[in-house]
Amino acid sequence: MKSSCILIVEDEAANAELFETYLTQKGYFPLVYMDGARASEDIENGLLYDLALFDLALPYHDGIDLLRLSKELHPDIAVLTMSAYDFSHELSQRHFKKPFRLEELLRGIQNIIT
């Protein structure tokens, strides 16, 4: 079975490391960026992934712009979003309000990647 690649953009190091470790343990291949501008550049250059998880409050690059770019270039790839605010966007399949339980994130991912 192919391990799904999950693109994660999270600027807080502790959260990024936690998501990477947890999702690796669950059999996924997380590709973590702490910089939205770098992630945007790589997406534009053809980065391939099966699902994305974007923090909406990123320095140097707006998370909403990253969400729009991802959906423009990869309309069939699901994007999940997260932030400390109760927020939703029509391009996001699901939003997680921080703090959230890792099990909740896993269920959200499993509901999309089957």
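Sort through L80, L51, L105 and tell me the only one that's within 11 Å of the chain's Cα centre (by Cα), within 13 Å of I8 (Cβ to Cβ) and free of Cβ contacts under 8 Å to residues at least 40 places away in the same chain.
Values: L51 fails: free of Cβ contacts under 8 Å to residues at least 40 places away in the same chain; L105 fails: free of Cβ contacts under 8 Å to residues at least 40 places away in the same chain.
From the options L80, L51, L105, the qualifying one is L80.
All but one of (1) surrounded by fewer than 20 Cβ atoms within 10 Å (Cβ to Cβ); (2) more than 12 Å from the chain's Cα centre (by Cα); (3) touching a residue at least 24 places away in the same chain (Cβ under 8 Å) hold for M34; state the number of the condition that does not hold.
The failed condition is (2).
Are any of the residues in the stretch 7-18 over 17 Å from G108 (Cβ atoms), surrounded by 14 or more Cβ atoms within 10 Å (Cβ to Cβ) and in contact with a Pro (Cβ under 7 Å, 6 or more places away or on another chain)?
Yes, because at least one residue in the stretch 7-18 is over 17 Å from G108 (Cβ atoms), surrounded by 14 or more Cβ atoms within 10 Å (Cβ to Cβ) and in contact with a Pro (Cβ under 7 Å, 6 or more places away or on another chain).
Condition check: without any contact (Cβ under 8 Å) to a residue 24 or more places away in the chain, under 19 Å from C5 (Cα atoms) and not β-branched (V, I, T). Does P99 satisfy that? Spell out how you get there, then give the answer.
Values: without any contact (Cβ under 8 Å) to a residue 24 or more places away in the chain: yes; under 19 Å from C5 (Cα atoms): no; not β-branched (V, I, T): yes.
No: the conditions fail for P99.
Which is at pLDDT 95 or above and not hydroxyl-bearing (S, T, Y), of I109, I64, I113? Before you say what the answer is, go through the steps one by one.
Working: I64 fails: at pLDDT 95 or above; I113 fails: at pLDDT 95 or above.
Selected residue: I109, the only one of I109, I64, I113 that is at pLDDT 95 or above and not hydroxyl-bearing (S, T, Y).
Out of curiosity, is L73 of a type outside the set (S, T, N, Q) and either in contact with a Ser or Thr (Cβ under 9 Å, 6 or more places away or on another chain) or touching a residue at least 40 places away in the same chain (Cβ under 8 Å) (or both)? Let's see the steps before the verdict.
Details: of a type outside the set (S, T, N, Q): yes; either in contact with a Ser or Thr (Cβ under 9 Å, 6 or more places away or on another chain) or touching a residue at least 40 places away in the same chain (Cβ under 8 Å) (or both): no.
No; evaluated as a whole, the condition is false for this residue.
If you take the residues in the stretch 39-58 that are among the charged types (D, E, K, R) and in contact with a Phe, Trp or Tyr (Cβ under 9 Å, 6 or more places away or on another chain), which one is surrounded by the most Cβ atoms within 10 Å (Cβ to Cβ)? I'd like the intermediate steps shown before the answer.
Filtering the stretch 39-58 for residues among the charged types (D, E, K, R) gives 41-42, 44, 50, 55.
Imposing the further condition that a residue be in contact with a Phe, Trp or Tyr (Cβ under 9 Å, 6 or more places away or on another chain) reduces the set to 42, 50.
Details: D42: 15, D50: 18.
Across the stretch 39-58, the extreme among qualifying residues is D50.
Starting from residues that are exposed (fewer than 14 other Cβ atoms within 10 Å of the Cβ) and not charged (D, E, K, R), keep the ones in the stretch 74-101 and report whichever is nearest to I43 (Cα to Cα).
Among those that are exposed (fewer than 14 other Cβ atoms within 10 Å of the Cβ) and not charged (D, E, K, R), it is P75.
Being surrounded by 15 or more Cβ atoms within 10 Å (Cβ to Cβ), more than 13 Å from the chain's Cα centre (by Cα) and not charged (D, E, K, R) is the requirement here; does H61 meet it?
Details: surrounded by 15 or more Cβ atoms within 10 Å (Cβ to Cβ): yes; more than 13 Å from the chain's Cα centre (by Cα): yes; not charged (D, E, K, R): yes.
Yes, satisfied.
The values are calculated or read from the model by the stated rules, or taken from the named source; none is laboratory data. Treat the numbers as computed from the prediction; the structure is a model and nothing was measured. For neighbour counting, all protein chains shown are included, and Cβ atoms are generated from backbone atoms with ideal geometry for every residue, glycine included.
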